[in-house]
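K.L.:
One structure, as structure tokens, below. Some questions next.
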Amino acid sequence: MSSITYSDKIPNNVNLSEDRTLQRALEQWQPNYLKWWGDMGPDDSQNFDVYLRTAVSVDPQGWAQFGHVKMPDYRWGIFLNPAEKDRKIHFGDHKGEDAWQDIPGEYRANLRRIIVTQGDTEPASVEQQRHLGLTAPSQYDLRNLFQVNVEEGRHLWAMVYLLHKYFGRDGREEGEALLERRSGQQDNPRILQAFNEETPDWLSFFMFTYFTDRDGKFQLCALAESSFDPLARTTKFMLTEEAHHMFVGESGISRIIQRTCQAMNEMKTDDVTKLRAAGVIDLPTLQRYLNFHFSVTIDLFGADESSNAATFYSTGLKGRFEEGKRMDDHVLKGSTYKVLNVQGGQLVEKEVPMLNALNEVLRDDYIKDSIGGVERWNKVIEKAGIPFRLKTPHKAFHRNIGALSQTKISPDGRVLSDAEWKAHVDNWLPNDADRAFVGSLMGRVVDTGKFANWIAPPMMGINRQPADFEYVRFN
Ligand SMILES: [Fe+2]
Ligand SMILES: [Fe+2]
């Protein structure tokens with residue numbers, strides 16, 4: 001089960017050749033996918049040989065094989081984690097029953113919505129990142145970008161497989177629609193707002209892969225608990241790929257910080273104008289980008305109080321992060337949770353039924369996890385002896401979804417008037433000058449072993465290769 005068949009037109013470990021109808025449907029979708037990739041995938045990359053990892057099994061040890069691959073020849077396929085014997089549902093109203101190998105009729109609509117929403121984020125991020133290859137700071141980074149892109153493409157395959165296999169004609173139509181929506185397009189945008197934002201520069205890309213791919217991790221972890229076993233198994237394998245995406249983000253920002261701190265110490269200054277003139281990204285700008293990506297990403301968890309979240313949990317479709325490690329009854333009727341509201345010009349906690357607050361529960365778990373990497377970034381600044389610390393903003397800051405979206409809140413959690421917000425917002429979120437400055441640094445560096453001035457080389461390359469390895473052959 002764990003080994004992957006590459007001799008089929010569509011690589012898979014689900015015995016696809018035994019289900020002719022499904023195989024045919026997916027083989028019809030495949031050229032449409034490749035056309036989408038040609039139109040909306042990485043700009044100008046068709047002739048490159050890129051040092052990519054390809055899944056060869058789903059075993060945790062050694063699932064990946066590395067080698068130079070011509071980009072459009074990447075073998076996207078369908079890989080599920082092996083089935084767990086006698087897996088039981090372990091939360092919600094069906095707790096203790098056998099996990100479902102097929103979808104109970106009454107849950108079809110909700111499951112379809114969950115799978116389509118997840119599936120939509122995957123091609124969206126490829127579209128958001130499609131121009132970045134033109135301004136890569138090094139071959140190493142270009143390779144990482146393309147690795148993330150091909151794997152997001154594969155995540156789309158994972159969701160489309162479920163749609164085709166379990167949702168019949170509706171599923172096939174959804175599969176087509178996933179190739180038709182476009183990130184940021186007015187008439188047919190992607191479903192979630194963060195996936196319609198632009199990723200115009202590499203600072204945004206690293207922030208996106210640190211913060212927004214981490215949202216992916218938490219959504220996938222919650223779906224990996226699902227009573228619908230094929231969804232659980234496919235998301236478990238997606239998670240092994242997601243880890244690298246977050247690494248790209250965390251290490252990317254860390255290398256920017258390292259370079260900036262080096263320049264600050266050499267020049268003995270924290271003067272933003274001087275640092276910008278020296279071509280490095282000042283720390284306050286990093287903080288503003290962080291504020292933006294953090295706040296846009298935590299909106300992805302949805303409204304703080306949500307009856308849909310309660311339904312998804314109670315019916316067993318979507319669990320909590322690390323459901324199995326929690327010590328409560330996994331049914332949660334009668335439990336409560338605190339959410340934030342604004343009352344009389346102040347943020348106040350309000351106790352609500354936990355089932356209705358499960359979006360908030362997942363958001364809070366996410367926030368805890370994302371703070372970890374920010375602390376590691378601060379270690380780099382601290383080691384350089386510089387008295388500056390990055391900080392995730394208050395979770396009520398710059399929100400667009402839920403009860404907090406009605407009010408302006410500062411990064412330290414104070415309720416503001418519109419006038420106060422307007423007076424300070426340029427200090428809190430990337431302003432036009434920041435974006436223009438960061439944009440001005442973006443130039444293409446592709447000589448083997450060379451890095452742009454604004455970012456330090458990595459400590460180690462990919463697959464234990466050196467930093468000056470030939471990661472991309474441009475032909
Ligand atoms: Fe993904
Ligand atoms: Fe990802």
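K.L.:
Taking into account only those residues within the stretch 12-46 that are part of a loop (DSSP other than H, G, I, E, B) and more than 13 Å from HIS131 (Cα to Cα), which is least open to solvent (accessible area, probe 1.4 Å)?
P.N.:
Going through the qualifying residues, I end up with ASN13.
K.L.:
Now, a different point. Only one of SER254, SER227, SER295 is of a type in the set (Ser, Thr, Tyr), farther than 30 Å from ASP434 by Cα, in contact with a Phe, Trp or Tyr (Cβ under 7 Å, 6 or more places away or on another chain) and in contact (Cβ under 8 Å) with a residue 60 or more places away in the chain. Can you tell me which?
P.N.:
Answer to the check: SER227.
K.L.:
Which one is nearest to PRO31 (Cα to Cα), of the residues in the stretch 58-74 that are under 23 Å from the mean Cα position of the chain (by Cα) and buried (at least 17 other Cβ atoms within 10 Å of the Cβ)?
P.N.:
TYR74
K.L.:
Could you tell me how many of the residues in the stretch 241-274 are touching a helix residue (DSSP H, G or I) at 6+ places or on another chain (Cβ under 7 Å), closer than 18 Å to GLY461 by Cβ and open to solvent by 60 Å² or more (accessible area, probe 1.4 Å)?
P.N.:
Qualifying residue count for the region: 1.
K.L.:
Oh, and also: Can you say whether THR135 is within 16 Å of ligand 2 (Cβ to nearest atom), open to solvent by 10 Å² or more (accessible area, probe 1.4 Å), of a type outside the set (Asp, Glu) and touching a helix residue (DSSP H, G or I) at 6+ places or on another chain (Cβ under 8 Å), as far as the supplied structure shows?
P.N.:
no
K.L.:
Can you go through ARG143, ARG182 and tell me which one is more than 16 Å from ligand 1 (Cβ to nearest atom) and open to solvent by 10 Å² or more (accessible area, probe 1.4 Å)?
P.N.:
None of the others qualify; the one that does is ARG182.
K.L.:
Might you let me know whether the stretch 94-115 holds any residue that is within 16 Å of ligand 2 (Cβ to nearest atom) and either out of contact with any helix residue (DSSP H, G or I) (no Cβ under 7 Å at 6 or more places or on another chain) or within 30 Å of SER251 (Cβ to Cβ) (or both)?
P.N.:
The answer is no; no qualifying residue exists.
K.L.:
On to the next question. Which of the residues spanning the stretch 76-110 are in a loop (DSSP other than H, G, I, E, B) and surrounded by 16 or more Cβ atoms within 10 Å (Cβ to Cβ)?
P.N.:
TRP76, GLY77, PHE79, LEU80, ASN81, ILE89, HIS90, PHE91, GLY92, HIS94, ALA99, ILE103
K.L.:
Filter the stretch 230-240 for residues that are touching a residue at least 24 places away in the same chain (Cβ under 8 Å) and open to solvent by 10 Å² or more (accessible area, probe 1.4 Å); which is nearest to GLU360 (Cα to Cα)?
P.N.:
Once the filter is applied, the top-ranked residue is LYS236.
The values are calculated or read from the model by the stated rules, or taken from the named source; none is laboratory data. It should be emphasised that the depicted structure is a prediction, and the values quoted were computed from it without experimental measurement. All Cβ positions, glycine included, derive from the backbone under ideal geometry; neighbour counts span all protein chains shown. Just the protein is used for accessible areas: all its heavy atoms, side chains included, with ligands, DNA and RNA removed. Shrake-Rupley method; radii C 1.70, N 1.55, O 1.52, S 1.80 Å.
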